[in-house]
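Encoded as structure tokens, the structure appears first; notes follow it.
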């Protein structure tokens with residue numbers, strides 16, 4: 001049996017831009033995607049902390065170390081500049097192996113710079 005397990009998440013990203021008239025997706029700083037082990041075009045779940053909205057989309061690489069987090073296309077209707085997002089990626093894992101998966105957790109500051117990556121350290125707050 002396969003289980004859907006959280007593979008990685010980026011906590012408290014701030015939306016820096018919106019572009020309604022663009023191909024639908026979410027642009028995220030390439031450095032953040034790399035640290036979180038999220039591939040370009042990977043499907044992710046996004047939670048808008050400010051509104052409670054949840055949606056699925058795919059990610060696109062933004063310029064490295066730019067701090068960019070841009071809602072594109074229809075997702076631009078689901079948040080405002082300055083809103084905080086949680087981005088979660090998932091993986092299908094065999095049931096036995098699922099019990100030992102430790103998700104990558106990336107925490108960012110107000111400029112979307114990594115302030116603490118708590119990989120393999122369990123849960124905690126910012």
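Taking the criterion of being buried (at least 17 other Cβ atoms within 10 Å of the Cβ), within 15 Å of residue 114 (Cα to Cα) and without any contact (Cβ under 8 Å) to a residue 60 or more places away in the chain, the residues of the stretch 23-37 that qualify are 28, 30, 33.
Would you check if residue 85 is out of contact with any helix residue (DSSP H, G or I) (no Cβ under 9 Å at 6 or more places or on another chain), surrounded by 20 or more Cβ atoms within 10 Å (Cβ to Cβ) and on the phi < 0 side of the Ramachandran plot? Yes; evaluated as a whole, the condition is true for this residue.
If the condition is being assigned to a strand (DSSP E or B) and within 13 Å of the chain's Cα centre (by Cα), then the stretch 63-87 contributes 69, 70, 71, 84, 85, 86, 87. For the stretch 40-53, residues that are farther than 12 Å from residue 90 by Cβ, surrounded by fewer than 19 Cβ atoms within 10 Å (Cβ to Cβ) and in contact with a strand residue (DSSP E or B) (Cβ under 8 Å, 6 or more places away or on another chain) total 6. With respect to the stated conditions, residue 9 is modelled with pLDDT of 95 or more and crowded, with 18+ Cβ neighbours inside 10 Å.
With respect to the conditions (1) surrounded by 13 or more Cβ atoms within 10 Å (Cβ to Cβ); (2) within 14 Å of the chain's Cα centre (by Cα); (3) assigned to a strand (DSSP E or B), residue 56 lacks only one, and its number is (1).
Just a yes or no: is a residue in the stretch 36-49 more than 30 Å from residue 1 (Cα to Cα) and either in a strand (DSSP E or B) or at pLDDT 95 or above (or both)? Among the residues of the stretch 36-49, at least one is more than 30 Å from residue 1 (Cα to Cα) and either in a strand (DSSP E or B) or at pLDDT 95 or above (or both), which makes the answer yes. For the stretch 100-109, does any single residue satisfy the condition of being assigned to a loop (DSSP other than H, G, I, E, B), in contact with a helix residue (DSSP H, G or I) (Cβ under 6 Å, 6 or more places away or on another chain) and free of Cβ contacts under 8 Å to residues at least 40 places away in the same chain? Taking every residue of the stretch 100-109 in turn, none turns out to be assigned to a loop (DSSP other than H, G, I, E, B), in contact with a helix residue (DSSP H, G or I) (Cβ under 6 Å, 6 or more places away or on another chain) and free of Cβ contacts under 8 Å to residues at least 40 places away in the same chain.
The values are calculated or read from the model by the stated rules, or taken from the named source; none is laboratory data. This structure is a prediction, so every number in the text was calculated from the model and none was measured. Cβ: placed from backbone, ideal geometry, glycine included. Neighbour counts: every protein chain shown.
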